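Undergrad: Below: one structure in structure tokens.
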Amino acid sequence: MTVVILDGYTTNPGDLSWDSISQLAPCTVWDRTAPADVIPRLGDAEIALTNKTLLGVHTVAAVGRAFGMSILVNRRSAQGPIPEGGEFVDLDRLFQESDVVSLHCPLTPQTAELVDATRLAQMKPTAYLINTARGPLVQESHLLDALQAGRLAGAGLDVLSVEPPAPDHPLLRAPKCVITPHIARATRTARHRLIA
């Protein structure tokens, strides 16, 4: 297993150690990575860590292709460019066929609670849900139910419906759910927890 960290300076500008990660696997740390350098720097890495918050659909698709994934895309309109090798599909097919569903849409009245019990039930039990967009896109109690019942392989959330979450927020203790701190990760203590 190899690890590539694409934007290490944001998490660790030099005041922390990467030892906890490099003890797990060979690790390459890039202080900063321009969008054009993402794919070349990933190389044959098996794990990629980045602080990029503005990864567009084309960059996300390129990362997916680098890992051998087929790319299914859905957006409000079928018009406009589709990432290279991607296929525009309806939401039903996207949720039914995807191994990883990664949300990158704005919060609008149409997208609020887009991922609810119905959508989660469409997902494979081996699939992962990633939300780096807006917390209210996901009906959190429905996601909790799916995780607790083992109907989903896992979830990676960079956003929640309320931030910061209350200490007793149920997703903080949900099985197979990783929540990153979004904005709060800037303190030294938070950054240390991220890499320790």
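The values are calculated or read from the model by the stated rules, or taken from the named source; none is laboratory data. Owing to the predicted nature of the structure, the values given are computational and were not obtained by experimental measurement. Ideal geometry is used to build each Cβ from the backbone, glycine not excepted, and the neighbour counts take in all protein chains shown.
Undergrad: Could you tell me which numbered condition F88 fails, if it satisfies all but one of (1) under 18 Å from the mean Cα position of the chain (by Cα); (2) within 30 Å of T118 (Cβ to Cβ); (3) of a type in the set (A, V, I, L, M, F, W, C)?
TA: All conditions are met except number (1).
Undergrad: Then there is this: Does at least one position in the range 150-157 carry a residue that is more than 13 Å from the chain's Cα centre (by Cα) and outside any loop (DSSP other than H, G, I, E, B)?
TA: Within the range 150-157, not a single residue is more than 13 Å from the chain's Cα centre (by Cα) and outside any loop (DSSP other than H, G, I, E, B).
Undergrad: Turning to a different aspect of this structure: Just to be sure I understand the filter: pairs with C-beta atoms under 8 Å, separated by 6 or more residues or on different chains, first member in the range 65-80 and closer than 15 Å to F95 by Cα, second member modelled with pLDDT of 75 or more and loosely packed, with under 12 Cβ neighbours inside 10 Å. Which pairs pass?
TA: Cβ pairs passing all conditions: N74/D90.
Undergrad: Given the options D116, D15, D31, name the one that is under 30 Å from L144 (Cβ atoms), touching a helix residue (DSSP H, G or I) at 6+ places or on another chain (Cβ under 7 Å) and among the acidic types (D, E).
TA: Details: D15 fails: under 30 Å from L144 (Cβ atoms); D31 fails: under 30 Å from L144 (Cβ atoms).
Just one listed residue meets the conditions, D116.
Undergrad: Are there any pairs with C-beta distances below 6 angstrom linking a residue in the range 11-32 that is free of Cβ contacts under 8 Å to residues at least 40 places away in the same chain to a residue that is small (G, A, S) and assigned to a helix (DSSP H, G or I), with the two at least 6 apart or on different chains, and if so which?
TA: Taking only residues 6 or more apart or on different chains, the pairs are V29/G8; D31/G8.
Undergrad: Let me ask something else. Could you say whether any residue in the range 110-132 is touching a Gly at 6+ places or on another chain (Cβ under 9 Å), at pLDDT 95 or above and loosely packed, with under 13 Cβ neighbours inside 10 Å?
TA: Yes; the residues of the range 110-132 include at least one that is touching a Gly at 6+ places or on another chain (Cβ under 9 Å), at pLDDT 95 or above and loosely packed, with under 13 Cβ neighbours inside 10 Å.
Undergrad: To continue, here is another question. Out of A121, A112, A117, which single residue is assigned by TED's automatic domain parsing to the domain that holds A155 and in contact with a Pro (Cβ under 8 Å, 6 or more places away or on another chain)?
TA: Being assigned by TED's automatic domain parsing to the domain that holds A155 and in contact with a Pro (Cβ under 8 Å, 6 or more places away or on another chain) holds for just one of A121, A112, A117, which is A112.
Undergrad: Quick one: which helices (runs of 4 or more DSSP H) sit completely within the range 1-103 and have at least 3 residues that are more than 22 Å from C177 (Cα to Cα)? Before the answer, list the steps.
TA: Details: elements: 8-11, 19-22, 38-42, 57-66, 91-97.
Output list reads 8-11, 38-42, 57-66, 91-97.
Undergrad: Condition first: modelled with pLDDT of 75 or more, under 18 Å from G43 (Cβ atoms) and surrounded by fewer than 16 Cβ atoms within 10 Å (Cβ to Cβ). Now tell me which residues in the range 1-17 satisfy that.
TA: The answer is T2, and nothing else.
Undergrad: Tell me, which residue of the range 33-61 that is closer than 16 Å to D158 by Cα and among the β-branched types (V, I, T) is modelled with the highest pLDDT?
TA: V60
Undergrad: Also, quick follow-up: Condition first: of a type in the set (A, V, I, L, M) and under 12 Å from I179 (Cβ atoms). Now tell me which residues in the range 130-143 satisfy that.
TA: I130, V138, L143
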